[in-house]
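> Pasting in a structure now, in structure tokens, and then I'll have a few things to ask.
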Amino acid sequence: MNALNKYLCLKQSLMSRTGMIFSNLREAIAGSEQDFTTGKLGRAIFLLSVPMALEMLMESVFAIVDIFFVSKLGPEAIATVGITESMITIVYAVAIGLSTAASSVVSRRIGEKNPEGASKAAFQAILAAMVLSVLIAIPGVFYSRQMLGFMGASPTILNEMSGFTAIMIGGNGVIMLLFVINGIFRSAGDAAISMRILWLANLINIVLDPLLIFGIGPFPELGVQGAAVATTTGRGIAVLYQLYLLFHGKRRVKIAWRHIGFDRRVMATLVRLSLGSTGQHLIVTSSWILLVRIIAFFGSITVAGYTIALRILIFAMLPSWGISNAASTLVGQNLGAKQPERAQRAVWITAWTNVIFLGLIGLILVIWPGTFIRLFVHDVAVIQSGIVALRMISIGTIAYGLGMVLVNALNGAGDTLTPLRINVFCYWLLEIPLAYWLAIQSGMGESGVYWSIVIAECMMTLAALWYFMKGSWKFKLV
């Protein structure tokens with residue numbers, strides 16, 4: 001009887017745990033009303049991480065879907081997307097920087113139980129995003145061909161495919177607003193809303209991509225430019241939905257007419273924080289642009305292989321960014337609630353979760369890179385080039401998993417200058433000179449670039465770990 005009782009108790013315990021997991025999963029996807037400054041940290045991280053990871057997965061689907069269809073047009077079209085994406089990462093840098101600043105302020109106000117302050121910060125962030133997007137769009141529309149030429153694009157790309165670049169950079173406003181507003185929702189604890197918005201944008205993009213690229217049915221055949229129109233349209237509709245929710249929804253952050261207008265004090269705080277955060281990403285993205293420029297020395301085949309490999313790696317890593325975003329939200333809210341030790345525990349739990357997840361993904365990509373490359377292209381030369389890139393860059397995934405959580409935690413605390421200093425050293429002073437020396441001077445070719453990426457990312461993680469352990473981030477005022 002004792003054995004039977006033990007079996008029944010174990011069975012009941014397992015069923016209870018399973019039911020709890022599914023209950024938390026449903027709550028995470030549907031949206032949680034939990035106060036993340038109280039209760040079990042493991043549950044809080046789960047409720048935030050699941051929708052954030054799914055959101056980032058949806059963001060990566062943009063890149064995967066586009067490159068899947070564009071790859072049918074040949075290496076030049078793939079290279080066009082790759083070169084353009086390397087330039088548009090500047091837009092992502094500004095958008096993520098402003099989103100990070102908004103998230104720091106909004107999460108701190110939510111932790112302080114000050115929804116009015118959160119709403120004021122949200123509108124100021126949206127206003128800043130709109131102004132910046134116009135300033136970026138103007139040169140993108142009128143000088144896209146010159147930009148491609150500077151990046152070493154082939155004559156075919158310059159003469160036939162520059163429209164893709166003009167549309168993507170000219171329509172950068174939808175990227176900017178999508179990132180900033182989703183950051184506002186996430187930092188307030190409404191991560192499920194951000195996830196559903198990305199689902200909407202992706203569904204539209206997936207439907208429109210083949211129709212506009214290949215001219216199916218009544219749609220015009222736009223080639224690679226069709227991918228840009230589809231992506232911009234999907235994101236644009238998602239932004240309209242975001243604005244509707246902010247002004248008419250019933251979320252934790254709601255903008256009313258009294259919040260509309262220029263607030264010098266709040267804007268100054270956002271600018272101060274976003275300068276450090278934007279600087280971080282500008283350094284990273286400018287280094288990626290220069291890396292592409294170095295890789296372009298080896299021809300369009302190498303650029304195409306690298307582009308596909310990078311898209312696959314982004315697809316794998318963006319869910320990890322979602323997990324690490326949970327640390328940022330929890331740090332901001334718990335510092336606002338005067339609970340720095342709880343904020344620190346949240347970071348460590350999230351970090352180990354991310355390291356295990358991304359480490360397993362990296363192991364798969366190192367062992368079977370060709371399986372994933374062949375999903376997108378059949379050109380033998382491009383496949384071989386992509387295999388080399390994907391396998392080598394994936395070696396550093398464990399370091400990436402820890403580093404991204406630590407950096408997001410520092411940013412969530414409002415310490416955006418420390419990661420900025422780390423990035424200056426790791427990417428400008430180390431990665432770019434090392435990539436050029438290994439690839440060009442030492443004769444390693446494109447493999448030298450890939451090794452420089454792994455080395456720089458590992459150094460970034462070690463530096464972030466050292467600063468995090470010092471603990472000064474716990475006392476930053478926002």
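> Within the stretch 76-96, identify whether any single residue is buried (at least 22 other Cβ atoms within 10 Å of the Cβ), at pLDDT 85 or above, closer than 24 Å to TRP348 by Cα and not charged (D, E, K, R), and answer yes or no.
For the stretch 76-96, residues buried (at least 22 other Cβ atoms within 10 Å of the Cβ), at pLDDT 85 or above, closer than 24 Å to TRP348 by Cα and not charged (D, E, K, R): present.
> Please name all residue pairs, on different chains or six or more residues apart, with Cβ atoms under 6 Å, provided the first residue is in the stretch 255-276 and is closer than 13 Å to GLY117 by Cβ and the second residue is of a type in the set (S, T, N, Q) and part of a helix (DSSP H, G or I).
Hits for this filter: ILE255/SER119; HIS259/SER119; ASP263/GLN124; VAL266/GLN124; LEU270/GLN124.
> For the stretch 403-430, which positions are surrounded by fewer than 24 Cβ atoms within 10 Å (Cβ to Cβ) and in contact with a Ser or Thr (Cβ under 7 Å, 6 or more places away or on another chain)?
TRP428
> Among ASN325, ASN354, which is the only one that is farther than 30 Å from GLY74 by Cα, assigned to a helix (DSSP H, G or I) and touching a Ser or Thr at 6+ places or on another chain (Cβ under 7 Å)?
Working: ASN325 fails: touching a Ser or Thr at 6+ places or on another chain (Cβ under 7 Å).
Of ASN325, ASN354, the one residue that is farther than 30 Å from GLY74 by Cα, assigned to a helix (DSSP H, G or I) and touching a Ser or Thr at 6+ places or on another chain (Cβ under 7 Å) is ASN354.
> Can you tell me which condition VAL70 does not meet? The list is (1) within 30 Å of HIS378 (Cα to Cα); (2) surrounded by 22 or more Cβ atoms within 10 Å (Cβ to Cβ); (3) within 12 Å of the chain's Cα centre (by Cα); (4) among the aliphatic types (A, V, I, L, M), and all the others hold.
Result: VAL70 passes all but (3).
> Give the residue, chosen from ILE308, ILE289, that is part of a helix (DSSP H, G or I), surrounded by fewer than 23 Cβ atoms within 10 Å (Cβ to Cβ) and out of contact with any strand residue (DSSP E or B) (no Cβ under 7 Å at 6 or more places or on another chain).
Checking each option against the conditions leaves just ILE289.
> Let me ask another. Can you find a residue that is surrounded by fewer than 18 Cβ atoms within 10 Å (Cβ to Cβ) and either out of contact with any helix residue (DSSP H, G or I) (no Cβ under 6 Å at 6 or more places or on another chain) or without any contact (Cβ under 8 Å) to a residue 40 or more places away in the chain (or both) anywhere in the stretch 188-203?
yes
> Something else now. For the stretch 373-474, give me every one of the helices (runs of 4 or more DSSP H) that falls completely inside it and has 3 or more residues that are without any contact (Cβ under 8 Å) to a residue 24 or more places away in the chain, of a type outside the set (Lys, Arg) and out of contact with any strand residue (DSSP E or B) (no Cβ under 7 Å at 6 or more places or on another chain).
446-470
> If you scan the stretch 187-236, which residues turn out to be of a type in the set (Val, Ile, Thr) and not in a loop (DSSP other than H, G, I, E, B)? Before the answer, list the steps.
Going residue by residue through the stretch 187-236, those that are of a type in the set (Val, Ile, Thr) are 193, 197, 204, 206-207, 213, 216, 224, 229, 231-233.
Correct list: ILE193, ILE197, ILE204, ILE206, VAL207, ILE213, VAL224, VAL229, THR231, THR232, THR233.
> List the pairs whose first member sits in the stretch 310-337 and is touching a residue at least 40 places away in the same chain (Cβ under 8 Å) and over 29 Å from PRO115 (Cβ atoms), whose second member is of a type in the set (Phe, Trp, Tyr) and in a helix (DSSP H, G or I), and whose Cβ atoms are under 7 Å apart, counting only residues at least 6 apart or on separate chains?
Close Cβ pairs (under 7 Å, with a partner that is of a type in the set (Phe, Trp, Tyr) and in a helix (DSSP H, G or I)) amount to ILE312/PHE372; MET317/TYR400; SER320/PHE357.
> Report the residue count in the stretch 251-281 for those that are crowded, with 20+ Cβ neighbours inside 10 Å and farther than 28 Å from TYR241 by Cα.
2
> Oh, and also: Can you tell which of GLY403, GLY336 is more than 21 Å from the chain's Cα centre (by Cα), within 26 Å of HIS281 (Cβ to Cβ) and not polar (S, T, N, Q)? Give the derivation first.
Details: GLY403 fails: more than 21 Å from the chain's Cα centre (by Cα).
The conditions single out GLY336.
> I'd like to check something: does the stretch 255-262 contain any residue that is under 28 Å from the mean Cα position of the chain (by Cα) and not in a helix (DSSP H, G or I)?
So in the stretch 255-262, the residues under 28 Å from the mean Cα position of the chain (by Cα) come out as 255.
From what's left, not in a helix (DSSP H, G or I): 255.
Yes, the stretch 255-262 has at least one match.
> Also, quick follow-up: Can you tell me which residue is modelled with the lowest pLDDT among those in the stretch 365-395 that are exposed (fewer than 15 other Cβ atoms within 10 Å of the Cβ) and either within 24 Å of the chain's Cα centre (by Cα) or β-branched (Val, Ile, Thr) (or both)?
Among them, the one singled out is LEU375.
> Taking the condition β-branched (Val, Ile, Thr), assigned to a helix (DSSP H, G or I) and surrounded by fewer than 22 Cβ atoms within 10 Å (Cβ to Cβ), does THR165 pass?
On the way: β-branched (Val, Ile, Thr): yes; assigned to a helix (DSSP H, G or I): yes; surrounded by fewer than 22 Cβ atoms within 10 Å (Cβ to Cβ): no.
Judged against the criteria, THR165 is not a match.
> Could you list, ordered by first residue, the pairs with Cβ atoms under 9 Å in which the first is in the stretch 160-183 and under 15 Å from VAL141 (Cβ atoms) and the second is of a type in the set (D, E, K, R) and modelled with pLDDT under 90, at least 6 apart or interchain?
Cβ pairs passing all conditions: SER162/ARG145; THR165/ARG145; ALA166/ARG145; MET168/GLU85.
> With the structure loaded, tell me whether ARG252 is farther than 20 Å from GLY82 by Cα, under 25 Å from the mean Cα position of the chain (by Cα) and without any contact (Cβ under 8 Å) to a residue 12 or more places away in the chain or whether it fails that test. Before you say what the answer is, go through the steps one by one.
Details: farther than 20 Å from GLY82 by Cα: yes; under 25 Å from the mean Cα position of the chain (by Cα): yes; without any contact (Cβ under 8 Å) to a residue 12 or more places away in the chain: no.
No: the conditions fail for ARG252.
> Only residues that are over 15 Å from the mean Cα position of the chain (by Cα) and among the β-branched types (Val, Ile, Thr): list them for the stretch 175-196, please.
Matches in the stretch 175-196: ILE193 only.
The values are calculated or read from the model by the stated rules, or taken from the named source; none is laboratory data. These figures come from a predicted structure and were not determined experimentally. Here the Cβ is made from the backbone with ideal geometry for all residues, glycine too, and neighbour counts use every protein chain on show.
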